[in-house]
Amino acid sequence: QVQLVESGGGLVQPGGSLRLSCAASATIFRLYAMGWYRQAPGKQRELVASIASGGSTNYAESVKGRFTISRDNAKNTVYLQMNNLKPEDTAVYYCNRRPPSPQYWGQGTQVTVSS
């Protein structure tokens, strides 16, 4: 079964950094545009950043200049480097195709930004 597994979340102080990883279990994901999504308590899931198979990227306005999405196709992995984190970045972060496919939602990784 094809899976996406997120990791790298944690508790960080405002202004801190984290790097999230999304490991795909199949090389086919190299062909897909991928995205990082997040869901904060009481809010809908939102797209944070996306990266095409060729490497072009897009970001939500709220994270532009602070987050960087990248991919290593040799490792079937997509990354999200998050700098200058703010309390409003607190959420469960997920990766999926862009646009998302229901069968690929995983457990996500919790990011908590708090002093």
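The values are calculated or read from the model by the stated rules, or taken from the named source; none is laboratory data. Everything quoted here is computed from the prediction, not taken from an experiment. All Cβ positions, glycine included, derive from the backbone under ideal geometry; neighbour counts span all protein chains shown. SASA here: full protein model, heavy atoms, side chains in, ligands and nucleic acids out. Shrake-Rupley method; radii C 1.70, N 1.55, O 1.52, S 1.80 Å.
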Once you sort the root eigenvalues of the Cα gyration tensor of the stretch 46-86 as a ≥ b ≥ c, which label holds: rounded (a/c under 1.5), prolate (a/b larger than b/c) or oblate (the other case)?
-> prolate
Hey, which aspartates and glutamates would be in cross-link range of Lys64, C-alpha to C-alpha under 18 Å, not counting anything within fewer than 8 residues on its own chain?
-> Glu46, Glu88, Asp89
So which trypsin sites (Lys or Arg not before Pro) in the stretch 1-48 pass both tests, a DSSP loop state and at most 13 other Cβ atoms within 10 Å of the Cβ?
-> Lys43
Indicate the gyration tensor shape class of the stretch 69-115 (rounded, prolate or oblate), computed on the Cα atoms with a ≥ b ≥ c the square roots of the eigenvalues: a/c under 1.5 is rounded; otherwise a/b larger than b/c is prolate and the rest oblate.
-> oblate
Regarding the chain, what is the average projected area of its C-alpha convex hull, in nm²?
-> 6.6 nm²
Averaged per residue, the 1.4 Å probe accessible area of the stretch 9-115, protein heavy atoms only, in Å², is roughly 52 Å²
Under a straight-distance cross-link criterion of Cα-Cα below 18 Å, which lysines are reachable from Lys43, leaving out those fewer than 8 residues away in the same chain?
-> Lys86
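Determine the share of the chain's accessible area contributed by carbon and sulfur atoms, expressed in whole percent, with a 1.4 angstrom probe.
Of all accessible area on the chain, carbon and sulfur atoms account for 46 percent.
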